Amino acid sequence: MKKLLFFILSFSFVSLLFLYTIPSANIIIAEDIDYITTQLQAKQAEIQKLEAHLQDAQNQEKTLKSQLNLIDGQTKVTTLKIEETNLKIEKLKREIENLSTRISRISTTLDTLSELLLKRIIQTYKYSNTLSTFDLMFSSKGIAELIERLKYIQVAQIYDKKKLYELQATKLAYNDQRQDKQTRQAEAEKLNKDLETYKKQLGEQKKIKDELLKVTKNDEERYQALITQLRADTESLARALAGGGVSLGEHNKGDRIAVVGSSGCSTGAHLHFEVITPAKIDNGKIVDNSNGNIIGWGMDHRVDPKPYIDSGQFTKPVAEYTGNDGCSRGSQCLNGDISTRFGQTYYVFSNSGTQHGGLDIADYFGAPIYAVEKGTVYAFQDSQSCWLSGTPGKGVAVDHHNGMVTLYWHIP
C-alpha cells in the first residue's frame, strides 16, 4: 500500500516537473522576441510619423524641390517598411523556432506518458480483478485494513484516469500549437512576398527621381513648364471624354481607324493608347458596363495595354510597335518604342493623375493606327484648343462589346 501511494505521488511530481519546466533556450528566445517587438514598435511609430508628414507635403505647392523632397520621403518610408518587414520575419522565425522546440520535446514525451498511464490502469484493474473481495478479507488483518486497501485501489484508479485525461488534453493543446506554427509559417511566406514588393517599389522610386532630374536637369523653370504641359494634356483629354463621342460605325480587327498626330497638348507626334475595362460606350460616353457610371480620365478602370499587345491578344496599334520601353527611361526613342509606360509618374497632382493611364508610343506623323480588336469606333474631340499647339485634342475610342474599350489619342 505504501509503495502504491509512493508511486502515485512520485508520478504526480514528475508530471508537474515535466509540464511546467521551461527550457533555458526558450527563455532566451522569449527575450529575443521581446527585444524584436520593441524594435518593431519603434519602427512602426517612425513610419506613421513620416506618412503623416508626407500627407502634408502632398498638399504643398508643386515645385521641383517639393517633389524631390516628396520622392525622398516616400523612399525613406519604403526603406523603413523593408526594415519593418524584416523585423516581422525575424520575430516570426524566433516564434516558430520556439514552437518547434516545445512541440518536438513535449509531443514525444506526452505519447510516452500516455502509454505508461494506460499500462498502469490496465495493471491496476488486473490487480483489482485478480483479488476478490474474499481474498482481500482473508488476507487483511481486520476490517480497517480491508477498507484501507479498497480505498487505495479506488484512489489509484481515479487518479490514473484523471492523469490520462489531463495528458490527452495537454496533447491536444500542443496540436493547436502545431497549427499555430503552420499559420505563422504561412504569414512568414506572405511577408517575404511583401518584402520583394517593397524592394521593387524602392527601385521604382529611385528611378522616378532619376527620371525627374534627367527631364528637368534640376531646373525649376523646366519643371514648371513640364507641369503646365502635362496638366493641359490631361485636362484636354478629360474634357473630350466628358463631351462624349460620335459613332463612326463598325470596324474589324486590324482595320485602319486613324493616323498618328500631335493634336491638343502633345509635345510631338505619338500615339497615346489606353485599355479601359470593365467598360462600354453608351450614348457616346465611356461608362462602367456593370453600373453605367461615367469613366473619366485617370487610372480608374485603366489597365496596362502592353501584355495584351505582347501576347498577341491585340493586334499592334501601330505597325512599327516594338514593345521596347527603354526610351521611357532616357534612352533614344525609335518609331514604335514606348516613350511613357503605363503607371509611370507624371509629377503633377497629388491624386491618381500622377500616373500615366496608358502607353505613349513614339511614331512618325501620319503613321496608320489600327483597331486592336473589332468593335464600334467613336470619335472624340476636346472643346478647346491647346495653347501649346493651337489645336484641340482629338482621338478615337473603340467599344469592343466584351467589357473592354480602347482609346487612341493625339490624332490630327
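A few points about this structure:
- Projected label distance in nm at ALA57 and ASN252, using a 7 Å step from Cα toward the beta-carbon: 5.5
- Gyration tensor verdict on the range 243-399 (Cα atoms; rounded if a/c is under 1.5, prolate if a/b is larger than b/c, oblate otherwise): rounded
- Distance from the Cα centroid of the range 61-83 to that of the range 281-312 is 31 Å (rounded to whole angstrom).
- Spin-label zone in the range 312-345 - amide nitrogen under 11 Å from a point set 7 Å from the Cα of GLU204 along the C-beta vector: 342-345
- Here the label points at GLN41 and LYS93, each 7 Å from Cα along the C-beta direction, are separated by 2.3 nm in the simple model.
- For the pair TRP387 and VAL215 in one chain, pulling the backbone fully straight at 0.36 nm per residue adds 59.8 nm over the alpha carbon distance.
- Where labels lie 7 Å past Cα in the beta-carbon direction, separation of GLN182 and THR101 in nm: 2.4
- The packing ranking, built from the mean of other Cβ atoms within 10 Å per residue, places the peptides 231-244, 392-405, 89-102 in the order 392-405, 231-244, 89-102, highest first.
Every number in this text was worked out from the coordinates using simple rules, so none of it is lab data. Keep in mind the model is a prediction, meaning the values are calculated, not measured. We place every Cβ from the backbone using ideal geometry, glycine too, and count neighbours over all the protein chains shown.
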